[in-house]
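Here the structure is laid out as structure tokens; the discussion comes afterwards.
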Amino acid sequence: MSDKSSGHVVIEMAELKPSDKKDNQKRPEVPWTSSTAQTRKQRDEEFDIDMLHRAIADTGRWAYGTISVEAWVLDEETGKLVRPRRAFWFDPVAVQEGAGNEAMMRLVDYTREDFVRPDPLAPGVGLAGALWSELHQDNRGSFMPTMKNINVGLNAKHVAWREVEPISNDPDQPYNLRLKLAVEAGIGLAAGVRFQFQGTEGLVLYMARGTTDVTKLKSQTNEQYLLSAAEVIGSIVSLRGPRHVCLEERRAERESTRRRVRQKMVAFVRMGGSFLNVSGRNYDESKISDNATERMESSISGSTRKEASPSGKTLKSRIIMMFRKWKGANNEPPPPFTTKESIWTFCGCFLTLLALLNFSDAITKRNPDLGLVLGPFGALMTLQFSLTQAPASQPRNAILGQAISISIAMAFSLTGRLEKNTRRSLGTSLAIMCMARLGVTHPPAGAAALIFTGGGYTWDHMGLMLAGNVLAIFFAAVINDLNVKRQYPTFWGFGYWHKHFFGLKEKNKAA
């Protein structure tokens, strides 16, 4: 199919053998009707595959700047994201322009020997897994959920475009070949939109070139189209199960009707004479009756099994999934730093810790009761110089995470009614929960909360901890940014809460 206005031509480079490409152009309007599949189940699956692929292709054809669209579905048994067969679309114009790009062809040309298949992804792995984890953490609801917030859940959805290269270079990101090839193929931006229907969860992944006009890409019209398209794609994915159940029920009912007709024919033969023998046919009553009964029972049992399958996660399925997850996601560990990068990390940690220790000693000379609590700063050095691009390493998380955690810890340290171990466990857990809920998770802040809940510290220590974090951020920014391969910080984000909460209130009023 082609569209002259958009200049796009829908082609299917994957899952086709070279000899099939010519015949594929002559396929009828509904390809599943001419499928070579002989069984009903195969024909049903072909129909589902074609319907999903058409929806994804139409989405990519009309979206501005999008050169690829994929759909990923969460497998409840394994906990991984799986891309169904042909649940993708790649702009054929981009494919033709990048015919000499080996990375692009390894992503889209199924006939190549070095084609990289879209294997199931654990959350946080690969492009789809990374965006899936981010969307789970990025809860756009208000701090205290209300019925009004629930009703406007669809309006609160958004399309958040992310740069692909930083995700690929993230040291926390396990090695994923398709993600590396996507960067080499010129895919610079990606966005994920979650969907959830009737217990089926998944993600629609949109990809664009890095040179695309971001203003038009993020326009209200384009984003509203992408959101609506994701809802349609999600509904088609969730439609498979109920549609198959309906088909089985109709087939079982049709088989039951055939059996009743045959039984009446048998009764007629017994009462009125063997008219079948007149036609020269041998009529075996028991055989026909038994065959009809077997088909009826198989249809009913198949339908019953599908109806009985729970749509949600039961306790048993969760336990089974837990044991399966213990096996691991079979992902490759991230590669180690080069010698040069390791030396750079050493220098950054050494200089920053030296400055912090001198700062602490200067404070202690003036007031022996004050000084930095140095334990959390060792963890901070690991984040800032070994996991530079991790969200937990960024200034917003470092400063706000410490402020929230130490405030909660100080409040618990002043309560003498709780037993010491209970107080330290409860205070630290509450601090970590609040950081996670507010989106400022910072591991050193969790360590600081555990230390401060033990007692013996004042609010002056909290101020010194925040000052030490500011000093560490300054050194990390200077030292990391002198390296051409590093970027710190990747974001500041201190205006996030104002935009988040006040922006949400305005949306609720408009709704």
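The values are calculated or read from the model by the stated rules, or taken from the named source; none is laboratory data. Predicted model, so just to flag it, every value in this text is computed and none were measured. Don't worry about glycine lacking a Cβ; one is built from the backbone with ideal geometry, like all the others, and counts go over all protein chains shown. Note: areas computed on protein heavy atoms with side chains; ligands, DNA, RNA excluded. Shrake-Rupley method; radii C 1.70, N 1.55, O 1.52, S 1.80 Å.
Numerical summary
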| quantity | calculated |
| --- | --- |
| Segment 330-362: chymotrypsin sites (Phe, Trp or Tyr not before Pro) in DSSP loop, at most 14 other beta carbons within 10 Å | F337 |
| Positive minus negative residues near K340 (Lys, Arg vs Asp, Glu; Cβ under 15 Å) | +1 |
| Simple Cβ-charge dipole of segment 322-445, Lys/Arg +1 and Asp/Glu -1, about Cα centre, in debye nearest 20 | 440 |
| Heavy atoms of S235 accessible to a 1.4 Å probe, total area in Å² rounded to 10 | 50 |
| Cα convex hull volume per residue for segment 328-403 (Å³) | 121 |
| Cα gyration tensor shape for segment 39-140, rounded if a/c is under 1.5, else prolate or oblate | rounded |
| Of K180/K325; K180/K485; K325/K485; K180/K327; K41/K80; K41/K325, pairs whose Cα-Cα distance is over 28 Å | K325/K485; K41/K325 |
| Convex hull volume per residue for segment 314-463, taking Cα atoms only, in Å³ | 152 |
| Length-normalised contact order of segment 377-433 in % [C-alpha pairs under 8 Å, at least 6 apart] | 27 |
| Selected from C246, G186, A208, residue furthest toward positive end of dipole (segment 176-248; charges at beta carbon) | G186 |
| Proximal charge balance of L127 [Cβ under 12 Å; K/R count +1, D/E count -1] | -1 |
